[in-house]
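The values are calculated or read from the model by the stated rules, or taken from the named source; none is laboratory data. As the structure is a prediction and not an experimental result, all values here were calculated from the model. So basically every Cβ, Gly included, is an ideal-geometry build from the backbone, and we count neighbours across all protein chains shown.
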Amino acid sequence: MSDAQDLRGRVCLVTGASRGIGRAIALALAGAGCDVAINCRSRIDEAERVAADVTALGRRAIVVQADVAQASAVAAMIAEINNALGPTDILINNAGIGLHRGIDDLTEADFDETIAVNLKSAFLCTQAVLPHMRAQKWGRIVSISSGAARGAGSIGLHYNASKAGMEGLTRGYAARLAKEGITVNAVAPSLIETEMMPLTAANAAARIPVGRAGQSEEVAQATLMVLGNAYITGQTIHLNGGMSFN
């Protein structure tokens with residue numbers, strides 16, 4: 001592996017990392033030799049367990065409680081990470097919510113909250129870590145999108161809009177930062193077995209060509225692949241078991 005691809009010793013921030021996909025990514029990063037800042041809005045006990053697992057892998061870890069949809073909270077979070085681990089080299093925008101709503105049930109408050117947590121947070125966190133990345137001419141940013149960005153999805157149109165916006169944000173940053181040594185990509189999983197999307201084996205086999213739901217660890221594996229490749233930028237990597245093709 002070339003120096004450009006070597007992640008050892010890098011400081012990483014994973015938002016929404018107390019469980020599910022975020023937890024799997026945090027542990028995969030630790031396994032690759034990274035120190036990890038584990039962000040959560042609540043679920044502190046679960047986040048602390050993730051931190052303990054990272055430490056058990058021989059890497060440094062801190063838990064940073066912050067609402068990443070709030071600019072002041074993001075600024076305070078980045079300052080805390082700087083003090084404890086050093087500046088952030090790798091950002092994983094994973095924080096998100098999935099409020100299941102139909103057209104007739106969806107409220108303005110639901111829409112605003114979803115856009116803030118799923119999309120605005122990615123903008124705020126990216127803006128906060130860019131000064132260091134640009135100064136060192138190296139950085140990696142991956143946002144966890146969804147197949148719903150380009151399909152109907154099952155959660156609701158507000159969720160579709162937030163994830164489609166995330167992919168637009170990804171392309172916009174990638175185009176403007178490529179010459180500065182910073183790659184920006186998205187990973188878009190569909191039907192991953194998590195608390196947000198519980199799936200029975202029979203349901204998964206009926207809907208997914210490979211015959212099962214995806215696992216959080218497979219999303220983490222795809223994320224590491226993107227992080228380790230300096231020639232991939234502005235892309236969305238789809239994990240959907242063959243349900244659709246680019």
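Some points to look at:
- Selection from the range 135-153 of residues that are in contact with a strand residue (DSSP E or B) (Cβ under 7 Å, 6 or more places away or on another chain) and either surrounded by fewer than 17 Cβ atoms within 10 Å (Cβ to Cβ) or part of a helix (DSSP H, G or I) (or both): Gly147, Ala149
- Scanning the range 29-60 for residues that are within 13 Å of the chain's Cα centre (by Cα) and assigned to a helix (DSSP H, G or I) yields a total of 1.
- Taking (1) more than 23 Å from Ala135 (Cα to Cα); (2) surrounded by fewer than 16 Cβ atoms within 10 Å (Cβ to Cβ); (3) hydroxyl-bearing (Ser, Thr, Tyr) in turn, Thr114 satisfies each apart from (2).
- Tally of residues being of a type outside the set (A, V, I, L, M, F, W, C), in contact (Cβ under 8 Å) with a residue 12 or more places away in the chain and under 21 Å from Leu91 (Cα atoms) across the range 148-170: 5
- Enumeration of residues in the range 2-54 that are loosely packed, with under 15 Cβ neighbours inside 10 Å and among the hydroxyl-bearing types (Ser, Thr, Tyr): Ser2, Ser42
- Applying a threshold of 6 Å to beta carbon distances and a minimum spacing of six or more residues, or different chains, the list of pairs starting in the range 55-71 at a residue that is modelled with pLDDT of 95 or more and ending at one that is polar (S, T, N, Q) and in a loop (DSSP other than H, G, I, E, B) reads Val68/Thr15.
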